[in-house]
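Take a look at the structure set out below.
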Amino acid sequence: MRKYENDIDYKGFNIVIWNDSGKRVFAIGTKDFANIVFAKEYVDKVQDKQNAYVDSEGVYRWKSSNRVPFDDMLECWALDSDTLRKCQEAREADDSAFIADYKERMKDYEPSDEELYEMRAAFGNDATVVNVITGQEINLNERGDNMAVMIIGKGIQFSLSDVLFSSPCSKGGLCEDPNCSTAVGQWQKDKRWYITFGHAGFNSRANNRNGYASEAKAIAAMRKYLRK
């Protein structure tokens, strides 16, 4: 049997505290809540109704964003079943239109150098990042065309794709010169060194992940793979 303990006024709502067989219950009208936090959250949601408006179709929308509130909020507003259904259908239609528009805008999307750099920093150089909405896959193992490197020895600046996929040694099979001046290059984005295409170790795990901390280490790794 419930015994009255106390009541609290919160934003004009009376929250009654009952002791129900040793267990506290917080009630607002006919609604019971397990604790005072849930009871106050309910009051806040009810009062949020003043931040919404009703459009010409009888759908409740937020004044700030024109979006339809979620069901837990709508249910606190004691709407009739027909109005609740209209709101749910309108929200689903809005979501579908938003996703369709997003897919259209993203169909030709190509990540910038900065975005690729941030993705590699977050997920690693071997990862494939997938946009869960569009399904687009971005292979972080592929270097971008406009990521600049400097080939030490010649002082010539190339893009990574030029160096890694069409370097001077890439057209004649594996370069067996351990002192080749274009065997390694430094990526200016992360200041690390990578073995270039056409040289031993180019496709190694270490080279594909993070490269090497110095030119000497990259050359040493290339020579090690060359000896194998």
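Please treat every number below as a calculation from the coordinates, not as lab data. Small disclaimer: the values here were computed from a predicted structure and weren't measured. Note that we place each Cβ from the backbone using ideal geometry, even for glycine, and neighbour counts take in every protein chain shown.
Look at the Cα gyration tensor of region 1-51: its axes a ≥ b ≥ c give a/c of at least 1.5 with a/b over b/c, and that counts as prolate.
Placing unit charges on each Cβ (+1 for Lys and Arg, -1 for Asp and Glu) gives the chain a dipole about its Cα centre, and among Cys76, Asn179, Tyr102 the Cα reaching farthest toward its positive end belongs to Asn179. Springs join every pair of Cα atoms under 10 Å in this Gaussian network model of the chain, and among Glu57, Glu104, Glu118 the largest mean-square fluctuation is at Glu57. D for the chain, whole µm²/s, Stokes-Einstein with Kirkwood Rh over alpha-carbon pairs at 25 °C and 0.890 mPa s: what number? In µm²/s, the coefficient rounds to 104.
Of Met106, Met1, Met222, the sequence from fewest to most neighbouring Cβ atoms within 10 angstrom is Met1, Met106, Met222. Divide by every residue of the chain the summed helix terms, -39500 (n - 2.57) for each DSSP H run of at least 4, and state the resulting mean residue ellipticity at 222 nm, rounded to the nearest 500 deg cm²/dmol. Rounded to the nearest 500, it is -10500 deg cm²/dmol.
The overall shape of region 1-132, judged from the alpha-carbon gyration tensor, is oblate: a/c is not under 1.5, and a/b is no greater than b/c.
What size of dipole, in debye to the nearest 20, comes out for the chain about its Cα centre when the only charges are +1 on Lys and Arg C-beta atoms and -1 on Asp and Glu C-beta atoms? Using only the charged Cβ atoms, the result is roughly 1320 debye. A Förster radius of 25 Å combined with the Cβ-Cβ distance from Asp190 to Lys224 puts the calculated FRET efficiency at roughly 0.65. Most simply put, the chain has about 95% antiparallel DSSP beta bridges, counting only bridges with both residues inside it.
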